[in-house]
Amino acid sequence: MHWRGWLGPILQHCLLGCGLSFVLSGCALDRNAHADSLAEPAGLHRERIDTDSFVLTAFTRITRPDKPVDIYIEGDGLAWLSRDERSLDPTPRDALGLALAAADPAPNVAYLARPCQFTPMEMNRRCEPAYWTGKRYAPEVIESMNRAVDRIAARVPGQKVALIGYSGGGALAVLVAARRTDVASIRTVAGNLDVEYVNQLHHVSPMPASENPIDHASEVAQTPQLHFSGAHDTVVTPAVAQRFVDATSGRCARAITVASLAHESDWARVWPSLLSIEAKCMTGSP
């Protein structure tokens, strides 16, 4: 099976909302307009970051260079148009990762779209469907995201960064954190933290060209982290976060299940209260 079946609800929502004939035209325009409508009221300004491998779209608000920065990473977006047809543009319809960033009241907030999302394809000659399907967590993708984090971190010299990822962005938050020494905390929302397990759960094909966050759990085990799951999430079930926490030994990581929420629920509505939960390491044994 060559499509990621667990993306079905996202696919259906976009097709019903835009109509198949408008997916590559009107729907793409609507997705950009929707992103701007989320970002502008929060003072997040659109920009592009050239990481050599990919040109990434970002939205940033840096008002206190002497303070840490919260960096959000978007989910996998619109990867498939049907069971057999890959999307030609993975830009997310609802940009739930951006909605989380817009709900963050911190003085320094940045949002990173994934490779090939929002950025015009002609600016990304490397873009091909493999990078939003089987290679979505490939080493070159991780490196591109990490370089973008470097650029943002340079705007708050000497400060720590907090990484936050939604869905597949949670996978990249962990994979990027494993390469860095300046990460103060990791938070994920409905994060795909065990790619192999999730693919098996939904009976879809493996992704050998992508890295699996749970394989790097020991590398981030000393970083304070919170992994939020929706009690009604059937896409990335709460068991995924718990498996990852167990792999870290549990001293610095905690899995929290949020009642009444599903994978694509309005997480931004409850995000300020979830942000108030401190990510910290326990002083004794777990």
For region 40-176, what does the accessible surface come to per residue with a 1.4 Å probe? Please give it in Å². 34
Which of 106, 78, 133 sits closest to the plus end of the dipole of region 40-162, meaning its Cα is farthest towards the positive end, when Lys and Arg get +1 and Asp and Glu get -1 on the C-beta? 106
What is the sum of charges around residue 108, taking Lys and Arg as +1, Asp and Glu as -1, for the other residues whose C-beta is under 12 Å from the C-beta of residue 108? +2
Check cross-link reach from residue 67 to the lysines: straight Cα distance under 30 Å, and skip same-chain residues fewer than eight apart. 160, 280
Rounded to the nearest 20 debye, what is the charge dipole size of region 141-286 about its Cα centre when +1 sits on each Lys and Arg Cβ and -1 on each Asp and Glu Cβ? 520
If I compute solvent accessible area with a 1.4 Å probe over the protein chains, what percent of it on the chain is carbon and sulfur? 52
Any idea how far apart residue 259 and residue 53 come out in nm if each label point goes 7 Å out from Cα toward Cβ? 4.2
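Might you report the magnitude of the Cβ-based charge dipole of the chain about its Cα centre, with Lys and Arg at +1 and Asp and Glu at -1, to the nearest 20 debye?
So the magnitude is around 440 debye.
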The chain - mean residue ellipticity at 222 nm from DSSP helices (-39,500 (n - 2.57) per run, n ≥ 4, rounded to 500): -9000 deg cm²/dmol
Over region 166-240, how many percent of alpha carbon pairs lie in each 10 Å bin up to the one with the longest distance? 20, 53, 24, 2
Let me test this: with uniform point scatterers at the alpha carbons of the chain, what is the Debye-based log₁₀ I(q)/I(0) at q = 0.06, 0.12 1/Å? -0.16, -0.68
What length, rounded to one decimal in nm, is gained on full extension from residue 278 through to residue 33, with 0.36 nm per residue of separation minus their alpha-carbon distance? 84.8 nm
Percent of beta bridges antiparallel (DSSP, the chain, rounded to nearest 5): 30
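The values are calculated or read from the model by the stated rules, or taken from the named source; none is laboratory data. This one's a predicted model, so the numbers in the text were calculated from it and none came from an experiment. Using ideal geometry, Cβ is built from the backbone for each residue, glycine included, and neighbour counts are taken over all protein chains shown. What goes into the accessible areas is simple: the full protein's heavy atoms, side chains included, and nothing from ligands, DNA or RNA. Shrake-Rupley method; radii C 1.70, N 1.55, O 1.52, S 1.80 Å.
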